[in-house]
Structures are given as C-alpha cells and as structure tokens.
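Here the structure is laid out as structure tokens; the discussion comes afterwards.
The values are calculated or read from the model by the stated rules, or taken from the named source; none is laboratory data. Keep in mind it's a predicted model, so treat the numbers as computed, not measured. Cβ coordinates were reconstructed from backbone atoms using ideal geometry, including for glycine residues, and neighbour counts include every protein chain displayed. Side chains are part of the model used for accessible areas, which takes the heavy atoms of the whole protein and leaves out ligands, DNA and RNA. Shrake-Rupley method; radii C 1.70, N 1.55, O 1.52, S 1.80 Å.
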Amino acid sequence: MTDMIPFIDLKAQRGRIGARIDAAIAKVLDDGRYILGPEVAELEAGLARFNGEGRALSCANGTDAILIPLMAWGIGPGDAVFVPSFTFASTAEVVVLAGASPVYVDIDPDTYNMSPASLAAAIDAVIAKGELTPRAVIAVDLFGQPADYPALAKLARAHDLKLIADGAQGFGCTLDGQSSLHWADVLTVSFYPAKPLGCYGDGGAVLCKDDALYDLMKSVRVHGEGKERYEYARIGLNSRLDTIQAAVLIEKLRVFGEEIEMRQRVADRYAAGFGNQVNWPRVPDNAQSTWAQYTIEVADRDGFRAHLAAKGVPSAIYYPIPLHLHEPYAPYPVAPGGLPVTEAAAHRVVSLPMHPDMSDAHIDQVIEAVLSYPAAHS
Ligand SMILES: Cc1ncc(COP(=O)(O)O)c(C=O)c1O
C-alpha cells in the first residue's frame, strides 16, 4: 500500500511556529486566567486589525458565531433566513435553533457560492406566499472564496434583510481588496483546527461594524448578561473562547497572511499543472481565496478517488449530500426552480490536498495522479 501524503499537515506548521505556541500556552497555564483572560481581548483586537475593519468578538465555535447575531437581532419563529444548501450543516442549523425557517438558495456553478438570481427568486417567492417574514441572508465563503457580496448586499438592502457572511472557511479572503464585512452586517469565523486559521480545539469569532450590535452580541455570548454580573437582560449562550485557544490563535495570526500566500502558491502550481485538462477552481482576478479547500469536479468520482488513493493521494468530498436532502433539513422551502446546480455539484466535487507547507514534490504527485486518470478530464 502506497503511503498517503497529508491532506492537510498541521504538524508541518508546528515545525515552523510550534515552539512559540507552546510558550504562549505555558504562559496561560502559569497565569491561571483560563476564561476570558487578557489573551482573549488581545486576539479580538488582532482579528479586527487583520480584517481591516470592524470589531471582533470571540466565541466558542464557528456555529455559535452565526447563531449569536441571529439571537441578537431577535430572529425567530415566523422568520425566513435565506441560506445555501451546498454548505456545512451549521449554516442552516443555527436558523432552526433560533426557531426560524431556512429557505434554501441555489449556487453559482463556478464559485459554489450563493447565486444572487436564485436569492432574488427565493425572496420574491417567500413574500408572495406570505407565510414567513424575510429577515436575513447567510452567504457562505465556501472553500475560502468570497461570495458575490456586491450583488447579495444590494438584494439584502432592497428587502431590509440582515446579511451574514459565514466566513468559517474564508476569514482572510477579499473581494476588491475588502473583507466580506465591507458588505455584510456580520462576518463569522471558525477556528476549528482544520480551518485556514485553526486553533487547538474549538473556537470562533463574529465581527461587526455596529457598536450597539457588538454590545448585544457580547451579552448573548455570556448568558445574556446585563450591565451587572448575574443580571440577565436576555436569553443567551455560554459561548466563550478559552484563553488557551486565544493564545494559540495570537501566534497563528502572526503568520496567517503569509500562510494565505503559501496556499496561493500551491493553488497556482496546481492550476499550471492542470492546464485546461481539469475543471479547476476559478477565482476572479479581483478576489483572494484563503484556499480552505481545493475543489475540482469529475464525472466518475468513485473511480477517480480510488485511482488517487492508489497513488498515495488522499481526497475528500465537501459535500456529498446538500443540506436540503437530509431528513432534519428537508421540511424547509427551496428557491423556485429547485437547486439543480447544488445537486449536480454534490455529485461531482472532490477536494485535493491543500495546506501552506505542501512541498513541490507532493504538489507534483497530486498533479500526476489527477492527470493520469482519463475521466478526470471530463
Ligand atoms: C461553512 C461553515 N460554517 C460554519 C461552520 C461551523 O464552524 P464550527 O465547526 O467551528 O462550529 C463550518 C465548520 O466546519 C463551516 O465550514
């Protein structure tokens, strides 16, 4: 059996910055302020600085990061929140947790991100039916590529909807040099270890530009706390980020910009190697992806993956079944015309190894494995 190259390689990153991270963790252990210690505020300031605008509030994970603004806005029963179905569960799960109804929107076939045309049709259909009140849109920066925010924000504004950028995979991506928060009301982040900016456990953050919203979300983060400790102004969550995770992230954030460039180098080498023989991901010239995943499409996916595995190349499928086809997510409305692009993509997508420390030899091994499978070219 051929040895597999890594799909992502967190050990290689430890080789570069592990000693600094270990020292930062040791400092927290000695210090003893394990919850909301000084590193948490330091990280939040660093995240906002990195993002270029807004304020950052850390929280327990990237799922809560989306739930917190929904709760702060009072979105709940009778409300519609427009989401893609081609995404991780959290994007729609939080809508149901808040008591509202997800409405599934189709994606663009080139970027896998929310289609503005499908969103427009879905909003009109919800209004025409009159059973739900449109309240918000959650666009996902899938695989690290920014959604079409200028078009999505225009629609959201026209219908007085809040716009959430689910940047769990895309923190650090830009469109016209701007972060997704330039257009969205909030930008949410996941620090799950495999994410481009991952910690050593669970973690998340939500960024926004509005001080009143920030204060509300801060209250929701810790049990709906009011002005005093043990005085509650609303129902909230226990969604604090551990100080140890903040200390890890402070060190990782120092090299994050460079790591996005390192991922871009891998993507460029892949694209040059694949040429016009493979349907590789197109990122527009005015956008920067964080390359959370490098996803291509093939017709005979099972055969292709077996071929890659035999050549020591692991692969993964994000996502094999769109959310609206899972039993718990099936009862909610879909955009008029259904989700044909979503359903086609779910059958064809396959993600290849991608991480900042990938050697040229491993990149070339992947390219050779892909190109030597004839059906990869279809
Ligand atoms: C698009 C998307 N949204 C939300 C999340 C949730 O993040 P977390 O796992 O930190 O709760 C993820 C993480 O997998 C994700 O990929």
Fill in: Interchain or long-range residues, amide H under 5 Å from N61's placed H
G204
Worksheet, complete the sentence: Across A45, A184, A233, the residue with the highest GNM fluctuation in the chain (Cα network, 10 Å cutoff) is A233
Worksheet item: Pulled fully out, how much extra length does the chain show between H347 and Y34, if you take 0.36 nm times their separation in residues and subtract their Cα-Cα distance?
Response: 108.2 nm
Fill in: Euclidean distance of C-alpha centroids, the stretch 198-231 and the stretch 152-168, integer Å
21
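Hey, what number do you get for the chain at 222 nm if only DSSP H runs of n ≥ 4 count, each worth -39500 (n - 2.57), divided across all residues, to the nearest 500?
-12500 deg cm²/dmol, from helical runs alone.
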Response to the item:
Between D22 and M262, the two model label points (7 Å from Cα along the beta-carbon direction) sit apart by a distance in nm of 1.8
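Averaged over every viewing direction, what's the projected area of the C-alpha convex hull for the stretch 10-254? Give it in nm², one decimal, please.
13.3
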Discussion item. Sort 343-356, 81-94, 317-330, 294-307 by the packing proxy (mean of other Cβ within 10 Å over each peptide's residues), most packed first.
Written reply: 81-94, 343-356, 294-307, 317-330
Discussion item. Sequence gap at least 6, Cα distance under 8 Å: using those rules, report the relative contact order of the chain to the nearest whole percent.
Written reply: 23
Worksheet item: With Rg and the Kirkwood Rh both taken from Cα atoms, where does Rg over Rh land for the stretch 1-150?
Response: 1.08
Worksheet item: Each residue of the stretch 261-268 in order: what ³J(HN,Hα) in whole Hz does its phi give by Karplus 6.51 cos²θ - 1.76 cosθ + 1.60, θ = phi - 60°, with x for Gly and Pro?
Response: 5, 5, 5, 4, 4, 5, 4, 5
Practice prompt. Could you provide, to the nearest whole Å², the per residue accessible area of the stretch 10-254 with probe 1.4 Å?
Written response: 39
Worksheet item: Using a 1.4 angstrom probe and counting only protein chains, how large is the accessible area of D364 in Å², to 10?
Response: 70
Worksheet item: In the structure displayed, which of K27/K252; K11/K195; K227/K252; K129/K162; K11/K252 lie more than 24 Å apart, Cα to Cα?
Response: K227/K252
Practice prompt. Read phi for every residue in the stretch 69-85 and hand back ³J(HN,Hα) as whole Hz from Karplus 6.51 cos²θ - 1.76 cosθ + 1.60, θ = phi - 60°, with x for Gly and Pro.
Written response: x, 4, 5, 5, 7, x, 6, x, x, x, 9, 10, 10, 7, 9, x, 9
Worksheet item: When DSSP assigns beta bridges and you keep just the ones with both residues in the stretch 10-254, what percent turn out antiparallel, to the nearest 5?
Response: 45
Practice prompt. For the stretch 256-377, report the accessible area per residue in Å² (1.4 Å probe, heavy atoms, rounded to an integer).
Written response: 42
Worksheet item: Peptides 246-256, 8-18: what's the order by average Cβ count within 10 Å, highest mean first?
Response: 246-256, 8-18
Practice prompt. Take the solvent-accessible surface of the protein heavy atoms, probe 1.4 Å, and return the percent of it on the chain that carbon and sulfur atoms account for.
Written response: 53
Practice prompt. With θ set to phi - 60°, apply the Karplus curve 6.51 cos²θ - 1.76 cosθ + 1.60 along the stretch 250-258 and write out the HN-Hα couplings as whole Hz, x wherever there is a Gly or Pro.
Written response: 4, 5, 5, 5, 4, 10, 5, x, 5
